[in-house]
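To keep things clear, I will list the structure first and then write my remarks on it.
The values are calculated or read from the model by the stated rules, or taken from the named source; none is laboratory data. Quick caveat, the model's predicted, so the values are computed rather than measured. Please note: Cβ atoms are built from the backbone with ideal geometry, for glycine as well, and neighbour counts cover all protein chains shown. Surface accessibility is based on the protein's heavy atoms, side chains included, excluding ligands, DNA and RNA. Shrake-Rupley method; radii C 1.70, N 1.55, O 1.52, S 1.80 Å.
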Amino acid sequence: MDFKSVGIKGLGYYVPEKVMTNFDFEKLIDTSDEWIRTRTGIEERRFAAPDQATSDLCVEASKKALENANMTIDDIDLILIATCTPDYPVQAAACLVQKKLGAKQTPCFDLNAACSGFIYGLTVAGGMIRGGVYKNILVVGAETLSRIIDMEDRNTCVLFGDGAAAAVVSEVEEGYGFLGVYLGAEGEDDDILKIPAGGTKKPNTVETIENRENFVHMKGKDVFKFAVHALPRATNKAMKIAGVTSDELKMVFPHQANIRIIEAAAKRIHAPIEKFYVNLQRFGNTSSASVGIALGEALEKGKLKKGDLIALTGFGAGLTYGSIVMKWVY
Ligand code: COA
């Protein structure tokens, strides 16, 4: 059976203007620029303005992606937002994006695979296009993590930032686009990274708020251990499916959580660290937006050209992970 070639026809990203530096955190909690930089690589991150929520970040990134794809919102058949920080617990952020972009009647839904969300979203969109369900799908990875981190918990609050990345996924020239896709999850590790309260298991009460259970809780070392095996596992599997070796990859776009995780993954993928695009020093961990923001920046800097083989690879809460190897389309 012949499959359609599916890929990214246009990409755009957006980060809020407000810069939060490590020095800003020094004024708020018992931490230091030196600790954050040496343990994570992060120097600063962006925080959304008080009147911005996830759908607003999505809209900015989507406009750029549509422009780069030479399309308008009327060309889009489905809006898919990958996020774990929607504007509201009930009502998909995708529906708010539909309204703000003026896309009447376009179907919309959100997908939550945490920091692997962009890769999961691209995979779902790719499958739908291959199956002939839709022609052009807008996939956005976007987060306003600054609203769900505990600004009194130094173990977590210094790691995250806000941002969005959008991709127009469509049928592309034969042989281009997604060549190998691999997704995975380890649901048994369900106590490592989550917001304990505020869902249906434990609705928020005065007590959960007092205990700060409405914010992200994370066992950092366990996440680290998971990440250094999940990133290479996903990438190596996707490369194998694509029939591509790490020598052939021009660049790798990893989830931007921690430079030490990326360095460890690079060794296990047998690719030099120079092939890994890293911008976590300026944006921190933007969860489902991070891989797309990295890709968007690399494009802006002219680091990618048509036909380049690249890998996107990520991991996140769930625990989830995934990778897509693709031949760049434009
Ligand atoms: N500033 C100063 N000290 C801090 C700190 C901060 N921001 N955060 C933690 N510390 C302290 C800890 O309290 C601990 O002190 P203690 O030994 O007195 O208890 C000490 O630093 C060492 O902590 P440790 O957990 O051993 O550090 P680490 O080398 O494992 O680095 C992380 C911590 C969080 C940076 C690292 O584990 C990590 O990056 N994990 C993955 C997290 C991640 O990627 N999450 C998102 C997934 S999508």
Out of all the residues in region 130-138, is one or more within 16 Å of the chain's Cα centre (by Cα), more than 20 Å from R39 (Cα to Cα) and not assigned by TED's automatic domain parsing to the domain that holds G292?
yes
Looking at T21, is it of a type in the set (S, T, Y) and either away from the ligand (no atom under 16 Å from the Cβ) or in the same structural domain as L309 (by TED's automatic domain parsing) (or both)?
no
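Can you work out which of the residues in region 282-293 that are within 14 Å of the ligand (Cβ to nearest atom) and in a helix (DSSP H, G or I) is surrounded by the fewest Cβ atoms within 10 Å (Cβ to Cβ)?
First, the residues of region 282-293 that are within 14 Å of the ligand (Cβ to nearest atom): 283-291.
Going one step further and asking which of them are in a helix (DSSP H, G or I), we end up with 283, 287-291.
Working: F283: 25, S287: 33, S288: 34, A289: 36, S290: 31, V291: 29.
Ranking the candidates gives F283 first.
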Residues being within 15 Å of L145 (Cβ to Cβ) and open to solvent by 70 Å² or more (accessible area, probe 1.4 Å) - total across region 1-49
1
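Inspect all residues belonging to region 91-112 and state whether any of them is touching a residue at least 60 places away in the same chain (Cβ under 8 Å) and over 30 Å from A311 (Cβ atoms). Reasoning before the result, please.
If we filter region 91-112 for residues that are touching a residue at least 60 places away in the same chain (Cβ under 8 Å), which is where we start, we get none.
There is no residue in region 91-112 that is touching a residue at least 60 places away in the same chain (Cβ under 8 Å) and over 30 Å from A311 (Cβ atoms).
What number of residues in region 78-101 are hydroxyl-bearing (S, T, Y) and crowded, with 20+ Cβ neighbours inside 10 Å?
Within region 78-101, the subset hydroxyl-bearing (S, T, Y) is 83, 85, 88.
Narrowing the set further to residues that are crowded, with 20+ Cβ neighbours inside 10 Å leaves 83, 85.
Going through region 78-101 one residue at a time, the tally reaches 2.
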Against the condition closer than 19 Å to I137 by Cβ and more than 17 Å from the chain's Cα centre (by Cα), how does Q91 come out, does it pass?
no
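When only residues in region 156-187 that are within 12 Å of the ligand (Cβ to nearest atom) and touching a helix residue (DSSP H, G or I) at 6+ places or on another chain (Cβ under 6 Å) count, which is nearest to E297 (Cα to Cα)? Give the derivation first.
Taking region 156-187 and keeping what is within 12 Å of the ligand (Cβ to nearest atom), we get 156-161.
Then drop every residue that is not touching a helix residue (DSSP H, G or I) at 6+ places or on another chain (Cβ under 6 Å), which leaves 158, 160-161.
Details: V158: 22, F160: 18, G161: 16 Å.
If we take residues in region 156-187 being within 12 Å of the ligand (Cβ to nearest atom) and touching a helix residue (DSSP H, G or I) at 6+ places or on another chain (Cβ under 6 Å), then G161 is nearest to E297 (Cα to Cα).
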For D75, indicate whether it is over 18 Å from the mean Cα position of the chain (by Cα) and open to solvent by 20 Å² or more (accessible area, probe 1.4 Å).
yes
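Residue by residue, here is whether (1) closer than 20 Å to I36 by Cβ; (2) in the same structural domain as P16 (by TED's automatic domain parsing); (3) assigned to a loop (DSSP other than H, G, I, E, B) holds:
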{"position": "E188", "(1), (2), (3)": "no, no, yes"}
{"position": "G198", "(1), (2), (3)": "no, no, yes"}
{"position": "V223", "(1), (2), (3)": "yes, no, no"}
{"position": "A227", "(1), (2), (3)": "yes, no, no"}
{"position": "A230", "(1), (2), (3)": "no, no, no"}
{"position": "M239", "(1), (2), (3)": "no, no, no"}
{"position": "L249", "(1), (2), (3)": "no, no, yes"}
{"position": "K267", "(1), (2), (3)": "no, no, no"}
Unmet criterion (only one of (1) assigned to a loop (DSSP other than H, G, I, E, B); (2) surrounded by fewer than 17 Cβ atoms within 10 Å (Cβ to Cβ); (3) within 16 Å of the ligand (Cβ to nearest atom)) for N204
(3)
Report, ordered by the first and then the second residue, all pairs with beta carbons closer than 9 Å, sequence separation of six or more or different chains, a first member in region 171-192 that is without any contact (Cβ under 8 Å) to a residue 12 or more places away in the chain, and a second member that is open to solvent by less than 60 Å² (accessible area, probe 1.4 Å) and not hydrophobic (A, V, I, L, M, F, W, C).
D190/G318
